[in-house]
Structure formats: C-alpha cells, structure tokens
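Heads up, the thing below is written out as structure tokens.
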Amino acid sequence: MIAIIDYGAGNLHSVQNALLSLGQEPVITADRGEILSADHVILPGVGAFGDAMKSLESAGLGEAVKETARRGIPMLGICLGLQLFFEESEESPGAEGLGILPGKIRKIPSAPGLKIPHMGWNSLHFDNPGRLFAGIPEGEYVYFVHSYYLEAADPSIVTASTEYGAHIHASVESGNVFACQFHPEKSGAAGMKILRNFLAVGGAKC
C-alpha cells in the first residue's frame, strides 16, 4: 500500500493520479496506523513552511513521519515535503522542521530578469548516484514551482542539483528517505520514471 499523507497542504490528487496511471492504488490518509503500515509513504505539499509544520503537528503526524524514517519505510518528500524533512526555513523564522535530514531552506535571491517563484522546467545535474534517477540521463528536465530551496548540510546525500539564481539541491537520498524539490508527478515521462524507481525500492511492480 502507498500512503499519501494528508495534512491539509495540497498537491495530493496530482500525486495520486500519477500513481494511479502507474497501476497503483494509493491511499490519501491522515491515519498514523495506515502510514506506518504502508509499503511506501509520500509527503507532498505546497504552501508556507511554518503553516505546514503547524498543520502536520496539529494532526499528530510529525512523529509518524519521523517514525517512518526510523523504520526504513521508503518515503518520498515532494516540494514542500522535501523542505519539511530539514531543520529550518528562512520562510518561517523560528519554526522547526522535522529535522530528519541536516540542512536549511533558503530564499531564492532576487536578480534582474529572475522570476520568483521559480515556475518552470530546469535540467538536473547528478551530484551523487541516486536510486530515483536510475535510467534517467544527465541534463533531464523536470518541473519546479518554488520560492525557497534546499541547502543540505551533508553534500553526500545530494543526488541532483540545478541552477536558478543559486545552486539548488534538487533531490536527496539518505537510507530509504528520498526527496525532490521538483514535482515528479508533473514532470512527464521522466517524472513517471522517477516514481517507478521510488516504488522499486520496496519491490513494487509498475
């Protein structure tokens, strides 16, 4: 079973539809038991870091996400979901992230001709081998929508990066914790391949 965590931060149904197109039967859930019994867990999200953390904690799901990571259940954070895995964000000073991975979320710096939020397709550079990107060529384009970006404290967990006003850590992998700043569910064939690769970590066939 694939659990998509529902904590009121949106982007649930586009992820669900992408997985349905792969022949899966994902469940959108806010139930701790369902999340911890799942074969794969996805934490999506759009919106502000601080508000999302409040929603996650008020729903009692922050500890469930941390426990998912501790148990080694394959887990994928998407967009805001990636950011919540880390310690803090310049978007919401004083708000603590989940702290599953070390690093901070920075604001994309303003520059002439640079549109923020960053909405569009950017190419990926593969910094380190990553299971999400098996069979995907260097320079593949994926779709981003964000104003803040990851600066990981440990460069060894960074599997993909891109450039947009800053050097952006676009994807990370640590054990069975995976995360993408971009939206694989909106990234065409390459995005579907990334989702297939994630599901293959736990042995799912699609």
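The values are calculated or read from the model by the stated rules, or taken from the named source; none is laboratory data. On a predicted model such as this, the values are computed, not experimentally measured, just so you know. Virtual Cβ from ideal backbone geometry, glycine too; neighbours counted across all protein chains shown. We work out accessible area using only protein heavy atoms, side chains counted, and drop any ligands, DNA or RNA first. Shrake-Rupley method; radii C 1.70, N 1.55, O 1.52, S 1.80 Å.
Conditions (1) among the hydrophobic types (A, V, I, L, M, F, W, C); (2) over 24 Å from Ala160 (Cβ atoms), marked per residue:
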site	(1), (2)
Ser14	no, no
Arg32	no, yes
Pro44	no, no
Ala59	yes, yes
Gly62	no, yes
Cys79	yes, no
Leu98	yes, no
Only one of (1) in contact with a helix residue (DSSP H, G or I) (Cβ under 9 Å, 6 or more places away or on another chain); (2) surrounded by fewer than 19 Cβ atoms within 10 Å (Cβ to Cβ) is not met by Ala38, so which one is it? (2)
Is it true that Arg106 is open to solvent by 10 Å² or more (accessible area, probe 1.4 Å) and farther than 19 Å from Ala152 by Cα? no
Which one of these does Leu76 not meet: (1) under 15 Å from Glu185 (Cβ atoms); (2) modelled with pLDDT of 95 or more; (3) open to solvent by 20 Å² or more (accessible area, probe 1.4 Å); (4) not in a loop (DSSP other than H, G, I, E, B)? (3)
Out of the residues in the range 159-177 that are of a type in the set (Ser, Thr, Tyr) and assigned to a strand (DSSP E or B), state the one that is most open to solvent (accessible area, probe 1.4 Å). Ser174
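Please tell me if Ser156 is modelled with pLDDT of 95 or more and assigned to a helix (DSSP H, G or I).
Details: modelled with pLDDT of 95 or more: yes; assigned to a helix (DSSP H, G or I): yes.
Considered against the rule, which asks whether it is modelled with pLDDT of 95 or more and assigned to a helix (DSSP H, G or I), Ser156 comes out as yes.
Determine which member of the set Glu140, Glu90 is open to solvent by 10 Å² or more (accessible area, probe 1.4 Å) and farther than 15 Å from Phe182 by Cβ.
One residue alone meets the criteria, Glu90.
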Which count do you get for residues in the range 79-112 that are part of a strand (DSSP E or B) and out of contact with any Gly (no Cβ under 8 Å at 6 or more places or on another chain)? 4
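Can you tell me which residue is farthest from the chain's Cα centre (by Cα) among those in the range 178-204 that are more than 15 Å from Ser21 (Cβ to Cβ) and surrounded by fewer than 22 Cβ atoms within 10 Å (Cβ to Cβ)?
Quick first cut of the range 178-204, residues more than 15 Å from Ser21 (Cβ to Cβ) only: 178-182, 197, 200-203.
With the extra rule that they be surrounded by fewer than 22 Cβ atoms within 10 Å (Cβ to Cβ), the set shrinks to 197, 200-203.
Values: Asn197: 14, Ala200: 17, Val201: 16, Gly202: 17, Gly203: 20 Å.
Checking each candidate, the answer is Gly203.
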Just one of (1) touching a residue at least 24 places away in the same chain (Cβ under 8 Å); (2) in a helix (DSSP H, G or I) trips up Arg70, so point out which. (1)
Selected residue (criterion: modelled with the lowest pLDDT) from residues of the range 113-125 that are surrounded by fewer than 18 Cβ atoms within 10 Å (Cβ to Cβ) and assigned to a loop (DSSP other than H, G, I, E, B): Gly113
